[in-house]
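Read the figures in this text as sums done on the coordinates, not as results from a lab. Quick caveat, the model's predicted, so the values are computed rather than measured. Neighbour counts are summed over all protein chains in view; Cβ atoms, including those assigned to glycine, are modelled from backbone coordinates with ideal geometry.
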Amino acid sequence: MLHSTFEEGKDSWSGRGSASVKTVSGKSRSGQQSLYTSGRESDWNGATLKLGSDFKAGSDYSFSAYVMTEDEDDVSFCLTLQYKDGSGTAIYPKIAKVSAKKNEWAHLENNSFTIPEDASDIELYVETEESKCSFYLDEVVGAAVGTEIAEPKGPTVLHKGDIDYDGCIDSIDLVLARKGIVSEISDKAVLKAADADSNGVYEINDLVLISQFVSGKIKEFPVVEPVIVEGQRKYTMEELTEKMQNEAVNNEPADSHKEKPGVRYGTIEKKTYFSKKANKNKPYNILLPADYDESKKYPVLYVLHGFFENENRMITNGNGQMYTRQIVGNAIASGDAKDMIVVFPFIFTSSTMNDATGFGDAGSVQGYNNFVDDIVDSLMPHIEENYSVLTGKDNTAVTGFSMGGMESLSIGMKYGDKFGYVGAICPAPGLGGAFKWNSEEETPYLLFITGGTNDNVVGLTTPEGYHNNFQKNGVPHVWHVVQGGNHGDDSIHSHLYTFIKGVFQATE
Ligand SMILES: [Ca+2]
Ligand SMILES: [Ca+2]
Ligand SMILES: [Ca+2]
């Protein structure tokens, strides 16, 4: 029902209060990873998870979780529920308690806890009594009473060549190594162990090395330089996805909005380009980096607005004030993002209409869908002609909000060879396509989908549906759920804050 192992990511856990959470390797109650919670300023800060519809008010559940501290003193941990009662008052019952010693996993458990009849908005979280220590969390289970919660297997330690992770390198591993050559190894942990020479790929040389090790010819594995492929890959899609999933925040830090002394921010210019498809000039805003220099070349991020909106929405005028210029400027100044140009086009593209007239009408929807080709046919050539930009998949990114989010996913799928980084914020329903890419050349380096739990326009369900479709096809992507996020500025800011740190990062 609920089983978080943190082997694949944060499993929708997030920081509570000022705390932040990320997955870490090398400390685990099981597998190789756990969730590390730090930055706690109060006892009640910790790691939290919204319990989904599987957990019903009035029913009985067993809960279990393991925690570990590196504090010298013993720390008292609590597994606590938060919910609203019938009158809307928040209640915080502690359902399990344990005292943890330094560097030892302590077990929080309650074999029968009844979620009160009138409870709603239920969250499960881990906090402490009288300690602000950072801590590790692993193997969180919540299940109907009576479900047997098995003792988790111990942590697995990576030894090169020990493909089955049983602690010794023997003929069983050699069999698995041979199989791995015939049929590709997809499990990441298995791949790491099988890559005996640590060059980042599994190939015949690794099999030879494992065979030599098992027969006693060699006593250790050499470390070979990582394979450098075209474009000097820094991260694979899996690696960049994992990195960005860990860096994704619920709310961007408040100071990311503020202009800081000594930081130079970009300049916004309003321009037009000729759209062949619309047969007229269309406006766009362009954010040029501070000290834009024609003798340098910059990568380009395209940011698309939603239905009935315009080129100002994503940069200056949202529901409130947009802080895109500040967020981008601060991220570049701190070295978290590369110097880049950001383009905010008016995306509605029609030769017969100047703007959308209604949500349901076909002409309006077509006007937005036309942009999928217009960006490639008219806008990008115009930007390349008029600004000093880098081109190609390594240097081109697109993201968008709502209708623009759906369009950016369409653009990313249709023109995979041209866009290496694809994002979507609260994307609109109606997206078609294969939800996968058919070749390495067309697959982006980063796919990043954001949804808000308070989105009252497309719901969390629309972006979640897209996330599920990509997941079914095995496409690595960041699934970023903004707790409390609306169909608006908060979800957009939260997405942009993280997305711009991921774009243009996969290659040197
Ligand atoms: Ca684990
Ligand atoms: Ca083994
Ligand atoms: Ca290798």
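Quick look at the values:
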quantity	calculated
In range of the label at HIS3: residues from segment 74-111 whose backbone nitrogen is under 20 Å from the point 7 Å along Cα→Cβ	107-111
Computed label-point distance, nm, for sites GLU117 and GLN212 using a 7 Å Cα→Cβ extension	7.3 nm
Reachable aspartates and glutamates, given that their alpha-carbon falls under 18 Å from the alpha-carbon of LYS418 and they are not under 8 places away in the same chain	GLU230, ASP373, ASP374, ASP377, GLU384, GLU385, ASP394, GLU407, GLU440, GLU441, GLU442, GLU508
Cα-projected label distance for ASP355 with VAL376, points at 7 Å along beta-carbon direction, nm	2.9 nm
Gain in span if fully extended, GLU70 to CYS168, counting 0.36 nm per residue against the direct Cα distance	32.3 nm
Linear extension gain, GLU151 paired with VAL98, 0.36 nm per residue minus alpha-carbon span	17.4 nm
Where labels lie 7 Å past Cα in the beta-carbon direction, separation of PHE308 and SER334 in nm	3.5 nm
Added length on full extension, which subtracts the Cα-Cα distance from 0.36 nm per residue, ALA254 to VAL223	6.8 nm
Across LYS56/LYS84; LYS243/LYS338; LYS296/LYS501; LYS22/LYS297; LYS280/LYS338, pairs whose alpha-carbon gap is larger than 23 Å	LYS22/LYS297; LYS280/LYS338
At R0 = 30 Å, FRET efficiency that the Cβ-Cβ distance of HIS159 and LYS234 yields, to 0.05	0.70
Normalised contact order of the chain, rounded percent, pairs of Cα under 8 Å and 6 or more residues apart	12 percent
Cα-based Lys proximity count in segment 110-224, under 25 Å, for pairs eight or more positions apart or on separate chains	14
Helix-only [θ]222 nm of the chain, DSSP H runs n ≥ 4, -39500 (n - 2.57) each, per residue, nearest 500	-6000 deg cm²/dmol
Relative contact order %, segment 379-435, counting alpha carbon pairs below 8 Å whose residues are six or more apart	36 percent
Cα-based helix-to-principal-axis angle, 461-472 vs the chain, degrees rounded to 10	70 degrees
